[in-house]
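To keep things clear, I will list the structure first and then write my remarks on it.
Values in this text are rule-based calculations from the coordinates and carry no lab data. For clarity, every value in this text was computed on a predicted model and none was experimentally measured. Every residue, glycine among them, receives a Cβ derived from its backbone with ideal geometry; neighbour counts consider all protein chains shown.
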Amino acid sequence: MSGLIRQRLSAVETDLRRAITELNTDWADRSISEIIDAMVGAELCHHPLYEKLNRLDAAQCQLDLGLYGMCADCESEIEPERLAQDPTEQRCQCCSEQYAHEHRRELRLSH
């Protein structure tokens, strides 16, 4: 099973690296964590790729630690259908909904 997950995460990484080359940077040969750091330095934290790279990095680390598929918030198992849809998913359905609700509220309060 771990091999299949690594394959799926590798496919996500390939797609993200392709998108990174479109940013016209010299980051393509860097590690995912180095690209994330470079995006912070270039003030690209709000770029859609930034969140996707962070999710990929987290999923790869969780897989290495034997924690892949565990919700980052409540530590319950993430529903298999959610992981099948997005192998970088970090939250179970319940926590994802709560996070989205809180994030929307934070956006309203900051404007």
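Values for this structure:
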{"quantity": "Per-region count, segment 67-81, residues touching a residue at least 12 places away in the same chain (Cβ under 8 Å) and among the charged types (D, E, K, R)", "calculated": "3"}
{"quantity": "Only listed residue being in contact with a helix residue (DSSP H, G or I) (Cβ under 9 Å, 6 or more places away or on another chain) and polar (S, T, N, Q), chosen from Thr88, Thr21", "calculated": "Thr88"}
{"quantity": "Elements of type helices (runs of 4 or more DSSP H) contained in the chain, each with 3 or more residues being in contact with a Phe, Trp or Tyr (Cβ under 6 Å, 6 or more places away or on another chain) and surrounded by 12 or more Cβ atoms within 10 Å (Cβ to Cβ)", "calculated": "32-41"}
{"quantity": "Neighbours by Cβ (under 8 Å, 6+ apart or cross-chain): first from segment 8-23, in contact (Cβ under 8 Å) with a residue 40 or more places away in the chain and closer than 12 Å to Leu49 by Cβ; second hydroxyl-bearing (Ser, Thr, Tyr) and assigned to a helix (DSSP H, G or I)", "calculated": "none"}
